[in-house]
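Trainee: I'd like to ask you about the structure that follows.
Throughout, read-outs are computed from the coordinates displayed, never taken from laboratory work. Since we're looking at a predicted model, the values are computed, not measured. All Cβ positions, glycine included, derive from the backbone under ideal geometry; neighbour counts span all protein chains shown.
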Amino acid sequence: MRPLVMGVLNVTPDSFSDGGRYLDPDRAVEHGLALVAQGADVVDVGGESSRPGAEPVPEAEERRRVTPVVAALAPHVRVSVDTVKPAVAEAALGAGATLVNDISAALWPVALEGGAGWVAMHMQGTPRTMQARPRYRDVVAEVLAFLVDRARAALDAGVGEVWIDPGIGFGKTPAHNLSLLRGLPAMVETGLPVLVGTSRKSFLGSLSAAGRPPLPAHERLAASIATATWAMLAGAAMVRVHDVAATVQAATLVGGARRPPVAEHGAGPHPLAEAVNR
Ligand code: HH2
């Protein structure tokens with residue numbers, strides 16, 4: 001089976017790459033359905049930006065942005081809610097979401113109560129301040145220890161589905177982000193499903209510019225696909241992306257490549273070649 005693709009749907013005026021495009025509920029639902037048509041396995045609905053420097057959104061406003069969009073999409077696709085507020089998560093679960101995508105790694109009681117899955121993401125600091133001076137002694141070991149601790153608490157309490165996510169870009173320098181990508185196999189070895197989100201993030205703009213001025217968010221597609229593919233080959237079970245159609249192609253390729261090679265498979269062609277030649 002190929003790795004899963006989570007499509008990003010930001011119902012916000014200020015998200016770093018698509019802010020303002022889907023603040024209108026009808027446009028948000030239309031875009032969510034387009035992501036489904038492109039092959040998204042999950043649509044992640046968020047009503048508060050977590051970009052560096054972002055200010056918190058009042059709870060009622062975030063709930064107002066998210067709930068109708070979740071309700072309209074839930075009959076068509078698995079919906080996750082990207083929030084750090086318990087009341088917003090509860091409202092979204094009530095409207096049909098079945099996964100709480102939690103960048104604060106604290107909302108597992110809400111997921112437990114609502115019978116939903118839970119994503120625990122690592123962040124150092126808060127979005128307002130996290131990029132000021134991120135510091136770690138051993139970023140992979142510290143992030144992994146934090147995530148395993150949170151996941152264990154949730155699993156012990158009875159949450160049935162727990163994901164871990166290293167939180168690329170959340171209180172991390174470009175070097176930290178690369179270390180975490182290199183360290184993904186250690187996260188995968190925990191046996192917990194791993195989610196990774198690199199899509200259009202600013203470290204891609206600087207690292208792939210090769211000394212030229214950093215690439216703006218809309219020019220980071222190639223780097224986004226490269227890093228999503230890197231994560232999937234390292235064993236990530238799901239990637240969180242803005243560009244769903246292109247990522248589904250990459251995920252399909254990785255899914256085929258993960259199968260045993262021809263020699264182990266018997267005399268027949270590799271399943272990927274079989275699919276292509278059909
Ligand atoms: N990244 C963002 C938001 N939520 N959730 C998880 N689990 N992992 C991530 O890496 C992650 C996330 C930031 O991206 P985006 O939603 O596009 O931007 P903004 O926070 O500005 O809305």
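Trainee: So which trypsin sites (Lys or Arg not before Pro) in the stretch 98-142 are both in a DSSP loop and have at most 11 other Cβ atoms within 10 Å of their Cβ?
Mentor: Arg135, Arg137
Trainee: Could I ask something else about it? Cβ under 15 Å from Val110's Cβ, Val110 left aside: what net charge do those residues give with Lys, Arg +1 and Asp, Glu -1?
Mentor: Around Val110, the charge tally is -4.
Trainee: Name the residue, out of Leu253, Leu107, Leu147, whose mean-square fluctuation peaks in a Gaussian network model built on the chain with Cα pairs under 10 Å.
Mentor: Highest fluctuation among the options: Leu253.
Trainee: Can you list which of the DSSP-assigned H helices in the chain have a Cα extent of 24 Å or more along the long axis and an average Kyte-Doolittle score of at least -0.5?
Mentor: 139-157
Trainee: So, one more: How large is ³J(HN,Hα) for each residue in the stretch 190-198, as worked out from phi by the Karplus curve 6.51 cos²θ - 1.76 cosθ + 1.60 (θ = phi - 60°), to whole Hz, x for Gly and Pro?
Mentor: 5, x, 7, x, 10, 10, 9, x, 10
Trainee: Return the calculated 222 nm mean residue ellipticity for the chain, to the nearest 500 deg cm²/dmol, obtained by summing -39500 (n - 2.57) across DSSP H runs with n ≥ 4 and dividing by the residue count.
Mentor: It lands at -13000 deg cm²/dmol.
Trainee: Count charges around Thr129 for me, please; just the other residues with Cβ under 15 Å from its Cβ, Lys/Arg as +1, Asp/Glu as -1.
Mentor: Taking every Cβ under 15 Å from that of Thr129, the sum is +4.
Trainee: Tabulate in residue order the Karplus-calculated ³J(HN,Hα) for the stretch 115-123, using 6.51 cos²θ - 1.76 cosθ + 1.60 with θ = phi - 60°, rounded to whole Hz; enter x for Gly and Pro.
Mentor: Couplings: x, 10, x, 9, 9, 9, 10, 8, 9 Hz.
Trainee: For a quick check, take a GNM of the chain with Cα springs below 10 Å and name the residue from Val241, Val188, Val79 with the largest mean-square fluctuation.
Mentor: Val188
Trainee: Among Trp118, Trp230, Trp163, which one shows the highest mean-square fluctuation when the chain is modelled as a Gaussian network with alpha-carbon springs under 10 Å?
Mentor: Trp230
Trainee: Please compute, over every Cα-Cα pair in the stretch 4-276, the percentage with a separation greater than 26 angstrom.
Mentor: When all Cα pairs of the stretch 4-276 are counted, 41 percent exceed 26 Å.
Trainee: Next up: For the chain, what's the relative contact order in percent, using C-alpha pairs closer than 8 Å and at least 6 residues apart?
Mentor: Dividing the mean separation by the residue count of the chain yields 18 percent.
Trainee: Report, in whole Å, the centroid distance computed from the Cα atoms of the stretch 168-224 and the stretch 78-155.
Mentor: A separation of 19 Å, based on Cα centres.
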